Amino acid sequence: MTFDVRPPILAATCEGGDVSHLPAEQSECGIDARPKAPNPLDRADWPRQRLARDGVDRLSLEDLVALVLRSGARLGDARMVARCLLDGAGNLLRLAETPLVELERVPGIGSAKAASLVAAFELGRRLASTPLVRGQAIR
């Protein structure tokens, strides 16, 4: 499976191109792809803080993937990278099936982030295939 999360705006950003003149709507990920530092005033809305405040079940797929990634890249924060990964793959299942070598080629995803994603998806697969113990509550 091959997927490319490098729409022209992201490719220019990843390659150090100046994209400040481009409007946000040119991003195929549906977000402003121009690089910017997270606003410390918005820290309460970061996935880790929302996880602690609201619980894991209240987080979006984008938030959960961003938490696995831990940090962003030159093209944006972790949520932006997560959104582009999900959009590029099409859905969570296709992202989970993406081989390590393909993830490593995605801008903003190096070997450490790719390994974290692959490991997180494998943990989910193993948990899903673990037989239930009689009398154990299902949550």
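Gain in length, Arg74 to Thr130, computed as 0.36 nm per residue apart minus the alpha-carbon separation, to one decimal in nm? Mind showing how you got there, number by number?
On the way: separation 56, 0.36 × 56 = 20.16 nm, distance 3.86 nm.
Stretched fully, the Arg74-Thr130 segment lengthens by 16.3 nm.
In this structure Ser60 has an accessible area near 50 Å², from a 1.4 Å probe over the protein heavy atoms.
Accessible area per residue, 1.4 Å probe, Å², for the range 83-134: what's the number?
Details: 3170 Å² over 52 residues.
For the range 83-134, the per-residue accessible area is 61 Å².
The values are calculated or read from the model by the stated rules, or taken from the named source; none is laboratory data. The structure displayed is predicted, hence computed values, not measured ones. Heavy atoms of the whole protein, side chains included, go into the accessibility calculation; ligands, DNA and RNA do not. Shrake-Rupley method; radii C 1.70, N 1.55, O 1.52, S 1.80 Å.
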